[in-house]
Amino acid sequence: MATEQELLEQQKKQCIMCKIVSGEISSRKVYEDDLVVAVLDIRPVAKGHILLMPKEHYQILPILPLKVFTRLFSVAKKLMTAQVKGVPAQGSTLFISNGFNFTSGQQFPHVTVHIIPRDIGDGISVFELSLSELLETQLEEIEKPISANLKMAMNNYLSKIGKPQQRKITREEVLQILNQNPDLKKIILEDSEKFKKIIDANPQLKQIFGNINIDEISEIVKKEKSEQIKESKVEKEKEKEKTEEKDKDKRSLPEEEIFKELEGEEKEAREERDEEPEKTEENGEEDEINLDEISRLFK
């Protein structure tokens, strides 16, 4: 079985960003130092779209060493200023997808900062987020796990720099952390012994679960899962009963009423079809981006 270091080396060999850093894949570099490198995106959202990344292979932002983290954002600040003047643009958007999965949108398992030049009416709508209002109870539910994870992160940082740690995390806070990390929760549900081994091998997890009874946590999580399954079954039964009751009511209606109801459903379906917007084909090609000219603006 491959060791953690061997698996990391395999990932690095397959990582596109690592190949860009090493020069195996050619790129237009606009900045480079001993820790980070910035290149122009070959599939830009806008002209002058920059990808900034650490030279060393790190999958997600939270595991970056403090020195690399500090350098990354120090350089990002300078690149945003240069980009606005050089492209030129009215402003810029900086974003990072954190978590190598479809939900977060992270495309490659290598920390990457996107710096995108922006102008009014540029047609970039991905950052136009819908807003919603939450009740105080909903805000409290969100605040608790974030607070618990923040305490964990602070404990890890304080232990690294040799300062006294904060209080131990409670069982309730651990459960909140598990609910926010489905992969960890899945492991503890399926194999608590395997979970214990993972904790022993991971200093960060050991910091969280050091004073926690894993078997007790496992039982609580399994009980919650069982209750969720029962609730789901009850809901399905209720839906089934409603459907059967509705069908029964229809069968008891006079034939004339049934035809009226069917006609009403057909009318609603036609109205929905009429409201659907017609699809139009987009013609034309995007303006070619002169990478040489843009790259020179940052030198």
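The rows are residues; the columns are (1) loosely packed, with under 12 Cβ neighbours inside 10 Å; (2) modelled with pLDDT of 95 or more; (3) β-branched (V, I, T); (4) under 14 Å from the mean Cα position of the chain (by Cα).
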site: L61; (1), (2), (3), (4): no, no, no, yes
site: K67; (1), (2), (3), (4): yes, no, no, no
site: Q106; (1), (2), (3), (4): no, no, no, yes
site: P117; (1), (2), (3), (4): no, yes, no, no
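Go through I60, I25, I42, I20 for me and flag whichever is farther than 18 Å from V126 by Cβ and in contact with a Lys or Arg (Cβ under 7 Å, 6 or more places away or on another chain).
After applying the criteria, what remains is I25.
Identify the single condition in (1) part of a helix (DSSP H, G or I); (2) at pLDDT 80 or above; (3) more than 30 Å from S226 (Cβ to Cβ) that Q138 does not satisfy, given that it satisfies every other one.
(3)
In the range 121-155, which residues are under 30 Å from A89 (Cα atoms) and under 21 Å from the mean Cα position of the chain (by Cα)? Give the derivation first.
Taking the range 121-155 as the starting set, the residues that turn out to be under 30 Å from A89 (Cα atoms) are 121-131.
If the condition is that a residue be under 30 Å from A89 (Cα atoms) and under 21 Å from the mean Cα position of the chain (by Cα), then I124, S125, V126, F127, E128, L129, S130, L131 are the ones that fit.
Assuming Q107 fulfils every condition listed in (1) farther than 24 Å from G123 by Cβ; (2) in a loop (DSSP other than H, G, I, E, B) apart from one, which condition is it?
Every listed condition holds for Q107 apart from (1).
May I ask you to verify whether E224 is under 26 Å from E143 (Cβ atoms), out of contact with any helix residue (DSSP H, G or I) (no Cβ under 8 Å at 6 or more places or on another chain) and surrounded by 11 or more Cβ atoms within 10 Å (Cβ to Cβ)? Let's see the steps before the verdict.
Details: under 26 Å from E143 (Cβ atoms): yes; out of contact with any helix residue (DSSP H, G or I) (no Cβ under 8 Å at 6 or more places or on another chain): yes; surrounded by 11 or more Cβ atoms within 10 Å (Cβ to Cβ): yes.
Considered against the rule, which asks whether it is under 26 Å from E143 (Cβ atoms), out of contact with any helix residue (DSSP H, G or I) (no Cβ under 8 Å at 6 or more places or on another chain) and surrounded by 11 or more Cβ atoms within 10 Å (Cβ to Cβ), E224 comes out as yes.
Considering only residues that are over 19 Å from S92 (Cβ atoms) and touching a helix residue (DSSP H, G or I) at 6+ places or on another chain (Cβ under 6 Å), which ones fall in the range 1-49?
Within the range 1-49, K12, C18, I25, S27, L35 qualify.
Do the conditions hold for L8, that is, is it modelled with pLDDT under 90, of a type outside the set (S, T, N, Q) and part of a helix (DSSP H, G or I)? Steps first, please.
Details: modelled with pLDDT under 90: yes; of a type outside the set (S, T, N, Q): yes; part of a helix (DSSP H, G or I): yes.
So L8 passes the test.
The values are calculated or read from the model by the stated rules, or taken from the named source; none is laboratory data. Fair warning: this is a prediction, and the values are worked out from it, not measured in the lab. Neighbour counts run over all protein chains shown; Cβ positions are idealised from the backbone, glycine included.
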